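Enquirer: Please read through the structure below; I'll follow up with questions.
The values are calculated or read from the model by the stated rules, or taken from the named source; none is laboratory data. Quick caveat, the model's predicted, so the values are computed rather than measured. Every residue, glycine as well, gets a Cβ built from its backbone with ideal geometry; the counts of neighbours run over all protein chains shown. What goes into the accessible areas is simple: the full protein's heavy atoms, side chains included, and nothing from ligands, DNA or RNA. Shrake-Rupley method; radii C 1.70, N 1.55, O 1.52, S 1.80 Å.
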Amino acid sequence: MTESPWAPPLADLAVLGRRGLVVGALAGVVSAAGLVLNPAQFYRSYLVAFVFVLGVALGSLAISMLHHMSGGAWGLVIRRILEASSRTLPLVALFAVPLLFGLRHLYPWADPARVAGDEILRHRAIYMNPTFFTVRLAVCLLLWTVFAQALSRLSKKQDDAPAPGLERRMQLVAAPGLAVYCLLVTIASVDLLMSLDPHWYSAIYGVYVVGGQAISGMAFTLLVSLFLVRKGAMRGVLQPRHVHDLGNLLLAFTMLWAYFALSQFLIIWSGNLPEEIGFFHDRLGGGWGVLSVFLALFHFAVPFVFLLSRDFKRDIGKLAWAAGLLLFMRWVDLFWLASPAFHPGRLSVHWLDLTTPVALFGLWLAAFARELGTRSLLPANDPNLAVALEVHAHG
Amino acid sequence: MSANADRPPVIAPGYTPATVTDKISAVVLNKTPRWWYVGFAISFLAAQLLFITIAKLLVLTVGIWGINIPVAWGIDIVNFVWWIGIGHAGTLISAILLLLRQTWRTSINRFAEAMTLFAVAAAAQFVLFHTGRQWLAVYWLFPYPNTMGVWPQFRSPLMWDVFAVSTYATISALFWFVGLIPDLATLRDRSKHWFGKITYGMLAMGWRGSARHWHNYETASLLLAGLATPLVVSVHTVVSFDFAVGIIPGWHATIFPPYFVAGAIYSGFAMVMTLAIPLRKVFGLEDFITMRHLQNMAKIMLATGLIVAYGYGIELFMAWYSGNTFEQYMIHNRILGPYGWIWLLLLLCNVLTPQFLWLKKVRNSVLGLFFISIIVNIGMWLERFVIIVTSLHRDFLPSSWGMYTPTRWDWSFFVGTLGLFFSLMFLFIRFLPVISIFEMRGITTGHDFEEQAGEVKP
């Protein structure tokens with residue numbers, strides 16, 4: 001493995017991992033203090049942080065499955081990053097455990113007194129109760145992990161010995177995997193986020209979260225690609241045409257997210273029904289409106305304009321700026337989805353909102369760096385790799 | 001792009017630019033086959049039904065249809081949505097797959113685009129004639145500055161629809177025609193009859209195939225592809241808004257926009273398949289429209305079919321989850337009400353049938369794909385019927401509930417548009433090349449138009 005031209009830069013990854021670990025652990029200790037001082041706020045902040053990290057790992061898994069379905073050079077050059085990111089899902093599952101202790105701080109349906117006095121919550125209780133919630137979350141995390149591991153194992157097999165038919169077997173995992181992924185994200189997003197609001201519902205919610213996760217996965221992958229290029233790994237591999245395709249995909253995902261967001265807003269705003277409009281009423285008034293505008297500008301308008309430019313998309317150094325912005329905005333979007341339910345009518349950002357994501361993301365990054373170091377940075381035996389790496393005259 | 005060995009090729013081996021040109025232009029320049037006359041006659045006869053219905057409708061207005069309060073939108077709107085949805089596959093193939101550099105699109109894009117145009121023409125009949133007094137429609141649809149100071153409701157998606165659909169028709173027509181120009185020049189040069197020479201010559205707009213012409217051509221088609229791409233999404237999104245911004249249970253669901261777009265692509269690919277399979281057979285074009293094309297279209301149908309199934313599922317779940325009486329009754333009525341059998345049939349057609357496409361054996365069977373594509377076409381028609389009619393006929397007030405039965409004039413209008421569509425389709429396959437000749441030549445020489453196309457885009 002050491003002779004391979006695509007060996008991972010182990011020393012650099014170790015530094016990255018160590019930094020992640022130290023920063024994550026420090027932020028974790030501070031957050032733990034917050035758990036003692038203000039448990040309700042801790043769980044609220046922790047939920048957003050968890051869903052954010054989950055989105056990065058799951059987005060990577062979804063993009064890798066999409067690549068197995070569609071083929072294309074763009075996917076081969078980032079496949080190992082996506083795989084390393086999706087192999088962290090067992091750790092993400094571990095991150096879910098603290099949530100289970102804070103359900104009554106988070107969800108109206110987990111509070112027996114509220115359920116007793118609310119007809120709709122009583123109606124939902126057969127589905128929305130702490131036991132069934134835990135079972136569903138566990139099943140979701142388990143199935144996502146199974147699909148991630150299955151793909152990763154086949155990829156490892158391909159590294160060990162080139163065998164015909166491995167590609168097809170990966171497709172056979174990815175096709176149902178993508179369908180199951182979308183279904184489970186829908187279930188999990190209703191559970192984790194939508195049910196924070198006791199009565200509100202929106203049918204597009206799951207799709208909206210799927211679109212957001214695709215952005216998370218792609219933005220993170222681009223940042224890692226820039227890191228690898230800077231460290232001299234994958235020298236001469238990542239050509240402008242690959243970066244261009246990745247930039248186009250990031251643009252497409254950003255547009256999809258905005259499309260889902262606008263559809264949801266326009267339909268609910270036009271209908272103006274009492275059981276639906278509350279969601280936007282909470283998010284457009286009392287300071288939250290500023291955050292809504294910020295979201296529209298920096299989760300869509302600004303990156304959109306930059307991502308239209310061909311020069312911008314062909315340069316990984318520039319593209320990484322958009323990716324960094326979008327990765328940050330992913331957290332803002334999830335914060336915007338969750339927090340107004342706790343503080344309606346008053347914009348509120350607690351210091352725990354900042355330390356918890358740093359803690360989880362730092363620890364997660366350490367695990368990711370370790371995983372990325374275990375394999376060659378390119379699937380060397382993939383039959384399509386030679387074509388993917390060809391240098392075009394106009395490349 | 002993929003070096004997958006077990007995949008069928010996009011073009012059978014052994015073709016040169018000359019043989020490709022011979023084979024495709026022969027379809028147009030040879031003597032008209034007898035089956036064409038039979039097919040065209042039947043379609044044209046059916047189209048007469050449309051004109052008779054329109055004549056009657058102009059005199060007696062929409063009262064000849066089965067619509068009445070509470071069901072003011074009947075199968076006229078079902079048919080509109082069905083036709084406009086079918087068109088989307090053509091635009092997806094010609095614009096999005098061009099930008100995505102999918103070489104396999106080459107041989108099916110021409111007639112898929114033609115299908116788009118004719119489907120939009122059929123759809124337009126319904127929106128135009130369901131307005132009742134069509135001579136007044138101009139001033140409640142188009143915002144022109146009149147002395148009465150009357151303006152359309154700009155906040156209504158029905159108004160946006162006018163713009164969305166007319167833009168769609170314009171861009172599709174331009175895209176299709178620009179794509180035809182080099183081939184029209186080929187036909188001009190190969191025609192033996194003076195009439196053909198002059199007609200094709202005028203349509204070719206002085207095309208000489210110089211480097212400058214090609215450069216302009218490629219720029220124009222990329223710009224049009226870029227313009228057409230958002231239309232694939234926007235047209236059916238606005239159509240879904242027609243329903244979703246209202247507060248009728250069964251219409252007012254936030255999932256509608258993506259679910260409608262997926263449904264449109266689903267039905268569009270089904271229609272492309274329904275047309276392509278007989279077409280390649282009768283013209284012997286199996287070497288150009290290969291199993292690879294049919295398999296890829298089958299996969300797209302499976303994927304979009306799953307999205308549509310997701311839409312049905314999420315509607316059921318949210319109706320339950322909402323705890324809203326009206327939402328719950330809507331679902332109850334949809335499944336167990338008087339139109340429940342249509343809902344069941346819809347599940348069989350749209351959810352169960354495409355699952356067979358998971359099997360490679362089915363994706364390799366031309367006959368199997370043909371049947372599935374027809375069933376999906378029927379299923380998508382039923383879907384719109386379920387959405388429109390069962391949501392309207394029993395809404396908030398039980399005292400105003402009612403039933404809807406289409407009259408024979410509803411059906412004759414629908415059959416008439418089928419006649420119009422197929423008449424135009426028959427004329428198209430007889431007088432214009434059904435497959436893009438110059439792009440197929442490009443494939444045989446390895447000069448890949450899409451590869452370049454991808455490089456020029458912004």
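Enquirer: Can you go through A:Ser45, A:Ser64 and tell me which one is under 20 Å from A:Phe368 (Cα atoms), more than 14 Å from chain B (Cβ to nearest Cβ) and open to solvent by less than 10 Å² (accessible area, probe 1.4 Å)?
Expert: Numbers: A:Ser45 fails: under 20 Å from A:Phe368 (Cα atoms).
Exactly one residue qualifies, and that residue is A:Ser64.
Enquirer: Right, something else. If B:Phe163 satisfies all but one of (1) at pLDDT 90 or above; (2) open to solvent by less than 20 Å² (accessible area, probe 1.4 Å); (3) closer than 25 Å to B:Val78 by Cβ, what's the number of the condition it fails?
Expert: The one condition B:Phe163 does not meet is (2).
Enquirer: Looking at A:Ala179, A:Ala161 in this structure, which one is free of Cβ contacts under 8 Å to residues at least 40 places away in the same chain, open to solvent by 10 Å² or more (accessible area, probe 1.4 Å), within 25 Å of A:Gly75 (Cα to Cα) and aliphatic (A, V, I, L, M)?
Expert: Numbers: A:Ala161 fails: free of Cβ contacts under 8 Å to residues at least 40 places away in the same chain.
Exactly one residue qualifies, and that residue is A:Ala179.
Enquirer: Pairs needed: first member in the range B:179-197, assigned to a loop (DSSP other than H, G, I, E, B); second member anywhere, among the aromatic types (Phe, Trp, Tyr); C-beta distance under 7 Å; at least 6 residues apart or different chains.
Expert: Pairs found: B:Ser191/B:Tyr200.
Enquirer: Specify which of the listed residues (A:Val36, A:Val15, A:Val48, A:Val53) is assigned to a helix (DSSP H, G or I), under 24 Å from the mean Cα position of the chain (by Cα), more than 21 Å from A:Thr221 (Cβ to Cβ) and not polar (S, T, N, Q). Before you say what the answer is, go through the steps one by one.
Expert: Details: A:Val36 fails: under 24 Å from the mean Cα position of the chain (by Cα); A:Val15 fails: more than 21 Å from A:Thr221 (Cβ to Cβ); A:Val53 fails: more than 21 Å from A:Thr221 (Cβ to Cβ).
Going through A:Val36, A:Val15, A:Val48, A:Val53 in turn, just one is assigned to a helix (DSSP H, G or I), under 24 Å from the mean Cα position of the chain (by Cα), more than 21 Å from A:Thr221 (Cβ to Cβ) and not polar (S, T, N, Q): A:Val48.
Enquirer: What single numbered condition from (1) touching a His at 6+ places or on another chain (Cβ under 9 Å); (2) within 30 Å of A:Leu47 (Cα to Cα) fails to hold for A:Arg310?
Expert: Here A:Arg310 clears every test but (2).
Enquirer: Please go through the range B:66-122 and pick out each residue that is touching an Asp or Glu at 6+ places or on another chain (Cβ under 6 Å) and not basic (Lys, Arg). Write out each step before concluding.
Expert: Initially, the range B:66-122 is screened for residues touching an Asp or Glu at 6+ places or on another chain (Cβ under 6 Å), giving B:66, B:75, B:90, B:94, B:101, B:103, B:106.
B:Gly66, B:Ile75, B:Gly90, B:Ser94, B:Thr103, B:Thr106, listed by residue number.
Enquirer: Show the residue pairs that are 6+ apart or on different chains and have beta-carbon atoms under 8 Å apart, the first residue being within the range B:84-96 and farther than 11 Å from B:Met115 by Cα, the second being among the acidic types (Asp, Glu) and open to solvent by 10 Å² or more (accessible area, probe 1.4 Å).
Expert: B:Ile93/B:Glu113; B:Ser94/B:Glu113
Enquirer: Quick one: in the range A:320-337, which of the residues that are open to solvent by less than 60 Å² (accessible area, probe 1.4 Å) and among the aromatic types (Phe, Trp, Tyr) is nearest to A:Thr254 (Cα to Cα)?
Expert: Checked the range A:320-337; the qualifying residue nearest to A:Thr254 (Cα to Cα) is A:Trp331.
Enquirer: Could you go through the range A:210-219 and let me know if any residue there is in contact (Cβ under 8 Å) with a residue 60 or more places away in the chain, hydrophobic (A, V, I, L, M, F, W, C) and open to solvent by 10 Å² or more (accessible area, probe 1.4 Å). Walk me through how you get there before you give the answer.
Expert: To start, the set of residues in the range A:210-219 that are in contact (Cβ under 8 Å) with a residue 60 or more places away in the chain comprises A:210, A:212-219.
If we keep only those that are hydrophobic (A, V, I, L, M, F, W, C) too, we end up with A:210, A:214-215, A:218-219.
Going one step further and asking which of them are open to solvent by 10 Å² or more (accessible area, probe 1.4 Å), we end up with A:210, A:214.
Yes, the range A:210-219 contains a residue that is in contact (Cβ under 8 Å) with a residue 60 or more places away in the chain, hydrophobic (A, V, I, L, M, F, W, C) and open to solvent by 10 Å² or more (accessible area, probe 1.4 Å).
Enquirer: Kindly indicate whether B:Lys31 is over 30 Å from B:Leu227 (Cβ atoms) and at pLDDT below 90.
Expert: Details: over 30 Å from B:Leu227 (Cβ atoms): yes; at pLDDT below 90: yes.
So B:Lys31 passes the test.
Enquirer: Next question. So, of the residues in the range B:382-428 that are open to solvent by 10 Å² or more (accessible area, probe 1.4 Å), in contact with a helix residue (DSSP H, G or I) (Cβ under 8 Å, 6 or more places away or on another chain) and of a type in the set (A, V, I, L, M), which turns out to be nearest to B:Leu316 (Cα to Cα)?
Expert: Checking each candidate, the answer is B:Leu382.
Enquirer: Also, quick follow-up: Please verify whether A:Gly317 is in a helix (DSSP H, G or I), open to solvent by 10 Å² or more (accessible area, probe 1.4 Å), out of contact with any Phe, Trp or Tyr (no Cβ under 6 Å at 6 or more places or on another chain) and in contact (Cβ under 8 Å) with a residue 60 or more places away in the chain, treating the condition exactly as stated. Walk me through it before giving the result.
Expert: On the way: in a helix (DSSP H, G or I): yes; open to solvent by 10 Å² or more (accessible area, probe 1.4 Å): yes; out of contact with any Phe, Trp or Tyr (no Cβ under 6 Å at 6 or more places or on another chain): yes; in contact (Cβ under 8 Å) with a residue 60 or more places away in the chain: yes.
Answer is yes for this residue.
Enquirer: Then there is this: Test A:Thr254 against the stated conditions and say whether it is within 16 Å of A:Ala57 (Cβ to Cβ) and either part of a helix (DSSP H, G or I) or open to solvent by 30 Å² or more (accessible area, probe 1.4 Å) (or both). Give the derivation first.
Expert: On the way: within 16 Å of A:Ala57 (Cβ to Cβ): no; either part of a helix (DSSP H, G or I) or open to solvent by 30 Å² or more (accessible area, probe 1.4 Å) (or both): yes.
Considered against the rule, which asks whether it is within 16 Å of A:Ala57 (Cβ to Cβ) and either part of a helix (DSSP H, G or I) or open to solvent by 30 Å² or more (accessible area, probe 1.4 Å) (or both), A:Thr254 comes out as no.
Enquirer: Additional query: What number of residues in the range A:346-361 are over 22 Å from the mean Cα position of the chain (by Cα) and open to solvent by 50 Å² or more (accessible area, probe 1.4 Å)?
Expert: So in the range A:346-361, the residues over 22 Å from the mean Cα position of the chain (by Cα) come out as A:346-348, A:350-351.
Filter once more, so that each one left must be open to solvent by 50 Å² or more (accessible area, probe 1.4 Å): A:346-347, A:351.
Residues meeting the conditions: 3.
Enquirer: Also: Hey, does the range B:308-322 have a residue that's among the acidic types (Asp, Glu), open to solvent by less than 20 Å² (accessible area, probe 1.4 Å), part of a helix (DSSP H, G or I) and farther than 30 Å from B:Lys23 by Cα?
Expert: Kept after step one, since they are among the acidic types (Asp, Glu), are these residues of the range B:308-322: B:315.
Narrowing the set further to residues that are open to solvent by less than 20 Å² (accessible area, probe 1.4 Å) leaves B:315.
Still in the running and part of a helix (DSSP H, G or I): B:315.
Checking which are farther than 30 Å from B:Lys23 by Cα leaves us with B:315.
Taking every residue of the range B:308-322 in turn, at least one turns out to be among the acidic types (Asp, Glu), open to solvent by less than 20 Å² (accessible area, probe 1.4 Å), part of a helix (DSSP H, G or I) and farther than 30 Å from B:Lys23 by Cα.
Enquirer: Out of curiosity, is B:Phe40 surrounded by fewer than 17 Cβ atoms within 10 Å (Cβ to Cβ), under 18 Å from B:Phe426 (Cβ atoms), among the aromatic types (Phe, Trp, Tyr) and more than 14 Å from chain A (Cβ to nearest Cβ)?
Expert: Against the criterion (surrounded by fewer than 17 Cβ atoms within 10 Å (Cβ to Cβ), under 18 Å from B:Phe426 (Cβ atoms), among the aromatic types (Phe, Trp, Tyr) and more than 14 Å from chain A (Cβ to nearest Cβ)), B:Phe40 does not qualify.
Enquirer: A follow-up question, please. Filtering the range A:227-285 down to residues that are among the basic types (Lys, Arg) and in contact with a helix residue (DSSP H, G or I) (Cβ under 8 Å, 6 or more places away or on another chain), which residue is nearest to A:Tyr208 (Cα to Cα)? Explain how you work it out, then say what you get.
Expert: From the range A:227-285, those among the basic types (Lys, Arg) are A:230-231, A:235, A:241, A:283; that's our starting set.
After this cut, where a residue has to be in contact with a helix residue (DSSP H, G or I) (Cβ under 8 Å, 6 or more places away or on another chain) as well, the list is A:231, A:241, A:283.
Numbers: A:Lys231: 35, A:Arg241: 29, A:Arg283: 17 Å.
Among them, the one singled out is A:Arg283.
Enquirer: Within the range A:115-142, track down each residue that is within 14 Å of another protein chain (Cβ to nearest Cβ), more than 23 Å from A:Leu54 (Cα to Cα) and part of a helix (DSSP H, G or I).
Expert: Within the range A:115-142, A:Val115, A:Glu119, A:Ile120, A:Leu121, A:Arg122, A:His123, A:Arg124 meet the criteria.
Enquirer: Follow-up question, since we're still on this one. Would you check if B:Lys299 is within 12 Å of chain A (Cβ to nearest Cβ), modelled with pLDDT under 95 and open to solvent by 20 Å² or more (accessible area, probe 1.4 Å)?
Expert: Values: within 12 Å of chain A (Cβ to nearest Cβ): yes; modelled with pLDDT under 95: yes; open to solvent by 20 Å² or more (accessible area, probe 1.4 Å): yes.
So B:Lys299 fits the description; yes.
Table: residues versus (1) more than 14 Å from chain A (Cβ to nearest Cβ); (2) modelled with pLDDT of 90 or more; (3) open to solvent by less than 20 Å² (accessible area, probe 1.4 Å); (4) over 20 Å from the mean Cα position of the chain (by Cα).
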residue	(1), (2), (3), (4)
B:Thr116	yes, yes, yes, no
B:Val120	yes, yes, yes, no
B:Thr131	yes, no, no, yes
B:Trp135	yes, no, no, yes
B:Val138	yes, no, no, yes
B:Leu141	yes, no, no, yes
B:Met148	yes, no, no, yes
B:Trp151	yes, no, no, yes
B:Arg155	no, no, no, yes
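Enquirer: Please go through the range A:1-12 and pick out each residue that is free of Cβ contacts under 8 Å to residues at least 24 places away in the same chain and in a helix (DSSP H, G or I). Spell out the reasoning first.
Expert: Restricting attention to the range A:1-12, the residues satisfying the condition of being free of Cβ contacts under 8 Å to residues at least 24 places away in the same chain are A:2-3, A:11.
The one that is free of Cβ contacts under 8 Å to residues at least 24 places away in the same chain and in a helix (DSSP H, G or I): A:Ala11.
Enquirer: Here's a follow-up. Would you pick out the residues in the range B:354-373 that are away from every other protein chain (no Cβ under 14 Å) and open to solvent by less than 60 Å² (accessible area, probe 1.4 Å)? Steps first, please.
Expert: Kept after step one, since they are away from every other protein chain (no Cβ under 14 Å), are these residues of the range B:354-373: B:356, B:361-362, B:364-373.
If the condition is that a residue be away from every other protein chain (no Cβ under 14 Å) and open to solvent by less than 60 Å² (accessible area, probe 1.4 Å), then B:Val362, B:Ser365, B:Val366, B:Gly368, B:Leu369, B:Phe370, B:Ile372, B:Ser373 are the ones that fit.
Enquirer: I would also like to ask the following. Of all residues in the range A:341-395, count the ones that are part of a helix (DSSP H, G or I), small (Gly, Ala, Ser) and within 14 Å of chain B (Cβ to nearest Cβ). Walk me through it before giving the result.
Expert: First pass over the range A:341-395, keeping only residues part of a helix (DSSP H, G or I): A:341, A:351-372, A:385-389.
Cutting the leftovers down to small (Gly, Ala, Ser) gives us A:341, A:359, A:362, A:366-367, A:369, A:386, A:388.
Now restrict to residues that are within 14 Å of chain B (Cβ to nearest Cβ): A:386, A:388.
Residues flagged as part of a helix (DSSP H, G or I), small (Gly, Ala, Ser) and within 14 Å of chain B (Cβ to nearest Cβ) within the range A:341-395 amount to 2.
Enquirer: Would you mind finding the one in A:Phe300, A:Phe279, A:Phe265 that is open to solvent by less than 30 Å² (accessible area, probe 1.4 Å), assigned to a helix (DSSP H, G or I) and either of a type in the set (Phe, Trp, Tyr) or without any contact (Cβ under 8 Å) to a residue 60 or more places away in the chain (or both)? First the steps, then the outcome.
Expert: Values: A:Phe300 fails: open to solvent by less than 30 Å² (accessible area, probe 1.4 Å); A:Phe265 fails: open to solvent by less than 30 Å² (accessible area, probe 1.4 Å).
Exactly one residue qualifies, and that residue is A:Phe279.
Enquirer: So B:Ala211 fits all but one of (1) at pLDDT 90 or above; (2) more than 10 Å from every other protein chain (Cβ to nearest Cβ); (3) closer than 28 Å to B:Asn296 by Cα; (4) open to solvent by 30 Å² or more (accessible area, probe 1.4 Å); what number is the exception?
Expert: (3)
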